[in-house]
1. Before we move on, is residue 209 open to solvent by 50 Å² or more (accessible area, probe 1.4 Å), assigned to a loop (DSSP other than H, G, I, E, B) and closer than 22 Å to residue 10 by Cα?
2. Considering (1) in contact (Cβ under 8 Å) with a residue 60 or more places away in the chain; (2) in contact with a Phe, Trp or Tyr (Cβ under 6 Å, 6 or more places away or on another chain); (3) of a type outside the set (Asp, Glu), say which one residue 175 fails and leave the rest.
3. Filter the range 1-18 down to the residues that are polar (S, T, N, Q) and more than 18 Å from the chain's Cα centre (by Cα) and list them by number.
4. Could you tell me how many of the residues in the range 212-252 are open to solvent by less than 40 Å² (accessible area, probe 1.4 Å), over 16 Å from residue 8 (Cα atoms) and not in a loop (DSSP other than H, G, I, E, B)?
5. Taking the range 11-61 as the region of interest, how many residues are assigned to a helix (DSSP H, G or I) and either in contact (Cβ under 8 Å) with a residue 40 or more places away in the chain or at positive phi (or both)?
6. Tell me the residue from 70, 26 that is farther than 22 Å from residue 137 by Cα and in contact with a strand residue (DSSP E or B) (Cβ under 8 Å, 6 or more places away or on another chain), please.
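The values are calculated or read from the model by the stated rules, or taken from the named source; none is laboratory data. Computed from a prediction, not measured in an experiment: that's the story for all the values here. Ideal geometry is used to build each Cβ from the backbone, glycine not excepted, and the neighbour counts take in all protein chains shown. Only protein heavy atoms, including side chains, enter the accessible area calculation; ligands, DNA and RNA are left aside. Shrake-Rupley method; radii C 1.70, N 1.55, O 1.52, S 1.80 Å.
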Amino acid sequence: MPKFAANLTMMFNEVPFLDRFAAAAEAGFRYVEYLWPYDYPAETLKQRLDQFGLKQVLFNTPAGDVSQGEWGVAAIPGREADARRDIDLALEYALALNCPNVHVMAAVVPEGADREAYKATFIENVRYAAEKFKPHGIKVLLEALSPEVKPNYLLKSQYDTLEIVELVDRDNVFVQLDYFHAQNVDGNLSCLTDKLAGKFAHIQIASVPDRHEPDEGEINYQYIFNKLDEMGYEGYVGCEYKPRAKTEEGLDWFEPYKKA
């Protein structure tokens, strides 16, 4: 049975961020993820996790200067020092929060820029992250973002991400398989899941096209969940979706999986 993680960036927005831990636990979740922890001391977040019996399973490296269009800096040539500073900071938080996975954000590639230079820079920074995280048993995850959500992001297809994972060639680097982005770009999710078997270590879900609860839209998630069980997938499934209304009102789909 999948182990579902509430995404506290997108879910339970009815309450302030630090109160979402309690809301997730009350709703029956045992695991949480979110985009970034850096606005809060790690000790504060760890206290919330411990208080409500939750496990942190994923967060991202810093996004950079979002106001200037950045969405990660690890692929930007000339920004290697910034990227490695961000990776080091993420490691500090991962250790403090006992988090097994960190998504290393790549970058948006400006129009006319040399994508191959961005790719080469990203590969070297991901190798740096892999070597830093490996002694602690922490996985490095890489994620593709569909152009509708993040235009010109370095990785738009699951196959882009798989290529980088294989070029990095480190045994603790994996694909972060987000079925929302995958359906928007790649499609044929059953075949895709089979092709990526053994290469992904975290999953995220949302309906397509509206990115709501996984009980609507064009993806049959019950089929996907059963397929993951048959494959023996033991990782987490992050619920990175925008609730249609109040979060609790849309959790009927989650009833069979509570406390899994």
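1. Yes, satisfied.
2. For residue 175, the failing item is (1).
3. Matches in the range 1-18: 13 only.
4. Count: 5.
5. Residues meeting the conditions: 6.
6. The conditions single out 70.
One line per residue, one yes/no per condition, for (1) over 21 Å from residue 252 (Cβ atoms); (2) open to solvent by less than 60 Å² (accessible area, probe 1.4 Å); (3) within 21 Å of the chain's Cα centre (by Cα); (4) at pLDDT 95 or above:
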| residue | (1), (2), (3), (4) |
| --- | --- |
| 20 | no, yes, yes, yes |
| 39 | yes, no, yes, yes |
| 45 | yes, yes, yes, yes |
| 49 | yes, yes, yes, yes |
